[in-house]
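One structure is given here, and the rest of the page talks about it.
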Amino acid sequence: MSGMLKLIKKEGPPEAGCRRQDIADARKLMLSVETPYGKLHTTTQIGDKEVEVAAPAAMLWHCSSLPAMAPLWERAMQFPRPWHIIFYGDEVGAGNALGHVQNRKSWAVYWTIAEFGAQALAHEDPRARALL
């Protein structure tokens, strides 16, 4: 929370607005990107549950074109291939993380490329490239 407040103080509030519907619309637009490997986001059936999935090949292709990711790709290119993929699973909760009742939880699996470097991987914001 403090990180978000510092970012807003430094860069100003987001242009899109902060209503729940604004956030949902922005998410839907961002995830509708079409790549040579399909859409970034899809759903799949696992048992009787429909599960949301970020398509790994499509996401990798898309991220390779983002300017904020350029320093990470430059760092990774210094290493011989094949690169190493790190998988991490964690329980995430929707809603108020500080609330006493947390009944909207799910599991998320994250992945990244180890050759991006430990310091860069310790930050969610790719703009933290000063650490490279």
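Nothing in this text is a laboratory measurement; each read-out follows from the coordinates by a stated rule. In this text, all values refer to a predicted model and were calculated from it rather than measured experimentally. Quick reminder, even Gly has a Cβ in these numbers, built from the backbone with ideal geometry, and neighbours come from all protein chains shown.
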Counting only residues in segment 28-48 that are closer than 19 Å to residue 65 by Cα, out of contact with any Ser or Thr (no Cβ under 9 Å at 6 or more places or on another chain) and of a type outside the set (A, V, I, L, M), the one surrounded by the fewest Cβ atoms within 10 Å (Cβ to Cβ) is identified as 36
Counting only residues that are loosely packed, with under 11 Cβ neighbours inside 10 Å and in a loop (DSSP other than H, G, I, E, B), segment 6-27 contains a total of 5
Just a yes or no: is a residue in segment 60-75 closer than 27 Å to residue 120 by Cα, surrounded by fewer than 10 Cβ atoms within 10 Å (Cβ to Cβ) and out of contact with any strand residue (DSSP E or B) (no Cβ under 9 Å at 6 or more places or on another chain)? yes
Of the listed residues (117, 38), the one being on the phi > 0 side of the Ramachandran plot, in contact with a Leu (Cβ under 7 Å, 6 or more places away or on another chain) and not aromatic (Phe, Trp, Tyr) is 117
